[in-house]
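See structure below.
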Amino acid sequence: MLVETAGFGNSSFAESSRGQITVESSQSRVFLPNASAICLESRKSVYTSVQLILSSRGIESIADKRGYRHLLEHLVARSLPGHDEKIEGAGGLLTAYTDRDWIRFEWKVPAGKEKLAYEGLEAFLKPKTFTAEQIKKESRIIYLEGLETSILERNIEKDWLTFYGSDGIAPLGDANELEKVEPEELAMMWKALTSGPQVTISISGNIDLKQESNTIKKIAQQCSIGKDKPWKLRQLSDNITAGSGRSIYTNSVDSKRTMSALIAAFGVGAKLKDTAIHYQPTFRGGLISLVGEGKVAKIVADEGEKVIFDLGKRYVRGWIDFKTSNASESAAFHGILMSLDRSFSPKKLKENIDLAPVSDFRAELTALGGQL
Amino acid sequence: MNLLAFSLLHLPFLNLASTAQVEPPPLLEIADYDAKQIEIEVLVKLPKLTLAQWHVLEQTVWNLTSRTQRYGSRDILRIIKPGSKVRTALLPDAVRLGISVDREELSGGLGLMQSFLTSPSFVKEAYREKPAAESSVYEPMVVPNGISSTPLATPETSLELWSALVRTNTVSISVSGNFSPGEPTKKWGMFIDGWQPKFTGNLPFTYARRTEKPTEGQTLVFDFESQKPDEFAKLVFMSVILGGGKQSILFKTTREKLAETYRQEAFVMPTEKGWKLRILLGVEKAKFTPEKIEGIRKEILEAVKKCNESQVKTAAGLFRGYLQNDISIRPICLGGDVDVVKEESDRLFLRSYYFFKAGRAWSQDLFLTVAESFDAELSAKLLTRIVSESKAHFQ
């Protein structure tokens, strides 16, 4: 039960280097009348990854509900007695993550044992009740989780606050506030999070698309239609302040501006020592945080802008390829993108690499150079 | 994986006092026609080092892979798989160096490895002190000595120490990937034949004595040491029962019952002379007195006594998932935050290191057989010994 702080985009360059991976897979996307969505992928894999992604659109971590979704993630993940034992005994594992734009549960089960995961999936989508005692205990665990935050993660959290003010608060939550949350309020939030428009189910593995599609549709169509259809879009403030020397601003993951910023960060990052790029795809304002040793201006002067541009495009392509290179990554990547916007896909992001104009890239490179 | 060839040459035991020049460092080949790239892993076996030497070595390894006398930083980037890094890890008894290269760069990769070993370059202008662990709270938990920075390491001390550590009988190299059987051995021979190490006696270097103690961290650690190589598989399985997944003893005790941890893990890591099972508890240190630490130990022991067949079976299933289904638990820790069964490069390192450490070939089946041979009674007995005899401290 981790907060996936920067985990999604924690791109060591080893990841992006594995680019041009050819994976044989077939996919299917299903949209149900209750506005929930299913993404299925059939591929060669020893395990199947079953993921439930609950979008936070309209239920973001605003100041007065800070950490509620994270608390829910903790409570719901352990809400089905005996479930973890069944999954682990079969050679699988259930994990859960909370981020600014989603909660994600993943059941990783050996091929052929998908039913075990579906039991959990179905149970999690049902309404829940909680007790004050459960809330108090998990708030304490969340407090301890906060103590495990690394210096780097804290710096990135600071960047979010610098750039976005109170809209940039981390989804972790404050344990002192969380332990006072009313059980009924949490139950209501869970109901909202599991309504159709918020729900994406993404499955990847050695599966029969038609058969699994029928099974999952039966589970997903039980979700309520939800009051907010289509999504209520809550934008982060446009009042951006250049900040701490690590991060640059992005907007929606499918925008050309974001792609230009990624190309600049990956291109420069390729030439830094001990590079890591932290980026969370989002449908609203976001950040790309670049970590490494070296001077951007010198790198650009030494290598030339075109070299950085070409290198950046190659690495972004490699990063996207890596994010679809195995069943677990692929289910997460497809599912998260779909949860942000039903039209988002890795393929669409790749198209944007070729469309990214040099002028935008230059602007992002300047922003990066000025801040590092 | 399609294993087409598996040749294992003799790995001599470490004897730094030996002056006899015998044969070049041995090479293990694992040919795999399905592989998309070639992995090269080198181990440099270490003698017992003083804390001062440890410090110099840590900085040495940090600086080693930036350039060599023959290869500049751009040459290195050209040879290794585009965008990848040179993998390094410092273990209590060995240094790991690893690279991934494309098929056509096998020669280049072997040449680069030979250059890291025999012609390192520690240039004053580029020599940098290893920064404190910033990206991972985990790193301080797995470094051998919790070393902090002091000005002991310089380009000169690094060159001196590295040259003394790298000898024909301390180095082993493993290669896996799509190549013709015998090809890496032949090419490696061309690079390394005739090489004479600069030093052959005992380490002559006595750097200034360190006076400060390693910094005490925030994580409560229980360490159980074993010097019996054949206990490794048993300890690994015990660490799964203790800390693997949400049915584990630690999850159920320190997290669910006591609400004292968010992170609770157990893994096996190497020591100079054997293995160590480490229990790692992310507690609120400020509230932990020695009495409370012993209270935690008592609670874990109580849970161990109640260990039942269902728990052991669940752990065995999870362990199988770890070895066969890419399940992310980590009962084996061989330096850094690396899962040693996930990537081909890390599996090659595991094979290589296990042979070097235990003197026998790594066998997944053997580990699974060991796990399945444990029942609740046997598990409780060994776990009681582990938890009772382990030493507690903060790291």
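Taken as Cα centroids, the range A:281-299 and the range B:313-347 sit 32 Å apart, rounded to the nearest whole angstrom.
Computed from phi, the 3J(HN,Hα) profile of the range B:324-335 under the Karplus parametrisation 6.51, -1.76, 1.60 (θ = phi - 60°) reads 10, 10, 6, 7, 8, 10, 9, x, 10, 10, 10, x Hz, with x in place of Gly and Pro. Helix A:346-355 and the longest principal axis of the C-alpha atoms of chain A enclose an angle of approximately 20°.
For residue B:75 and residue A:78, what is the calculated FRET efficiency with R₀ set at 41 Å and r taken between the beta-carbons, to the nearest 0.05? Don't jump to the answer; show the numbers that get you there.
Numbers: r = 52 Å, r/R0 = 1.28.
E between residue B:75 and residue A:78, to the nearest 0.05, is 0.20.
Of A:280, A:221, A:198, the residue with the greatest mean-square motion in the GNM of chain A, using alpha carbon springs below 10 Å, is A:221. Estimated from helices alone, the mean residue ellipticity of chain A at 222 nm is -13500 deg cm²/dmol (sum of -39500 (n - 2.57) over DSSP H runs with n ≥ 4, per residue). Shielding of peptide B:255-268 by partners, expressed as the average count of other chain Cβ atoms within 10 Å per residue Cβ, is 3.
Can you figure out the FRET efficiency of residue A:218 with residue B:305, using R₀ = 51 Å and their beta-carbon distance, to the nearest 0.05?
On the way: r = 45 Å, r/R0 = 0.87.
In this case the efficiency is close to 0.70.
For the residue pairs A:44/B:313; A:136/B:342; A:44/A:191, the C-alpha atoms sit more than 30 angstrom apart in A:136/B:342; A:44/A:191. Counted residue by residue at 0.36 nm each, then reduced by the alpha carbon distance between them, the extension gain from residue B:289 to residue B:154 reaches 44.6 nm. Counting only other chain Cβ atoms within 10 Å of each residue's Cβ, the peptide B:320-331 averages 5.
In terms of its alpha-carbon gyration tensor, the range B:53-137 comes out prolate; a/c meets the 1.5 threshold, and the first ratio a/b outweighs b/c.
The order of the peptides A:351-363, A:91-103 by mean Cβ neighbours within 10 Å, most packed first, is A:91-103, A:351-363. For chain A, the longest principal axis of the Cα atoms and the long axis of helix A:151-164 meet at an angle of about 80 degrees. Please determine, in degrees from 0 to 90 and to the nearest 10, the orientation of helix A:256-269 with respect to the longest principal axis defined by the Cα atoms of chain A, where the helix direction is its Cα long axis. Computed tilt is about 70 degrees.
Once both labels are positioned 7 Å from their Cα atoms along Cα-to-Cβ, the gap between residue A:131 and residue A:274 label points is 4.8 nm.
The order of the peptides A:105-111, A:30-36, A:41-47 by mean Cβ neighbours within 10 Å, most packed first, is A:105-111, A:41-47, A:30-36.
Distance between the modelled labels on residue A:119 and residue B:272, one decimal in nanometres: 5.0 nm (7 Å Cα→Cβ projection). Computed from backbone phi, the HN-Hα couplings of the range B:267-274 come to 8, 9, 10, x, 10, 4, 10, x Hz, rounded to whole numbers (Karplus: 6.51 cos²θ - 1.76 cosθ + 1.60, θ = phi - 60°; Gly and Pro given as x). Amide H contacts under 5 Å for residue A:102: A:56, restricted to partners 5 or more places along the chain or on a different chain, H placed in the peptide plane at 1.01 Å from N. Averaging 1/r over every pair of different alpha carbons in the range B:266-385 and inverting the result gives a Kirkwood radius of 16.3 Å.
Ignore the peptide's own chain and count Cβ atoms of other chains within 10 Å of each Cβ in B:309-317; give me the average, rounded.
Details: counts 0, 2, 2, 0, 3, 7, 2, 3, 9.
Taking the mean over all residues of the peptide, I get 3.
At an R0 of 45 angstrom, the distance between the Cβ atoms of residue A:26 and residue B:256 translates into a FRET efficiency of 0.65.
Working from label points 7 Å from Cα in the Cα-to-Cβ sense, the residue B:228 to residue B:34 distance is 3.7 nm. Residues considered: A:331, A:170, A:123. Largest GNM mean-square fluctuation over chain A, using C-alpha springs under 10 Å, is found at A:123.
For the range A:131-192, what relative contact order do you get, as a whole percent, if you take Cα pairs closer than 8 Å and at least 6 residues apart?
On the way: 33 pairs, mean separation 32.3, N = 62.
Reported relative contact order: 52 percent.
Sort B:284-290, B:348-354, A:67-73 by the packing proxy (mean of other Cβ within 10 Å over each peptide's residues), most packed first. Don't skip to the end; give the middle numbers.
Values: B:284-290: 11.0, B:348-354: 22.4, A:67-73: 25.1.
Sorting B:284-290, B:348-354, A:67-73 by mean packing, highest first, produces A:67-73, B:348-354, B:284-290.
Among A:141, A:203, A:59, the largest mean-square fluctuation in a Gaussian network model of chain A (Cα springs under 10 Å) belongs to A:141. In the structure shown, the pairs A:115/B:306; B:257/B:298; A:295/A:323; A:158/A:323; B:305/B:381; A:108/B:246 are assessed against 19 Å; a Cα-Cα span above that value is assigned to A:115/B:306; A:295/A:323; A:158/A:323.
Between residue A:362 and residue A:343, full extension at 0.36 nm per residue minus the direct alpha carbon distance yields a gain of 4.0 nm. If a/c stays under 1.5 just call it rounded; otherwise compare a/b with b/c (prolate if a/b is bigger, oblate if not). Do that for the range A:323-365, with a ≥ b ≥ c from the square roots of the Cα gyration tensor eigenvalues. Since a/c reaches 1.5 and a/b is larger than b/c, the shape of the range A:323-365 is classed as prolate.
No lab work stands behind these numbers, since they all come straight from the coordinates. As the structure is a prediction and not an experimental result, all values here were calculated from the model. Here the Cβ is made from the backbone with ideal geometry for all residues, glycine too, and neighbour counts use every protein chain on show.
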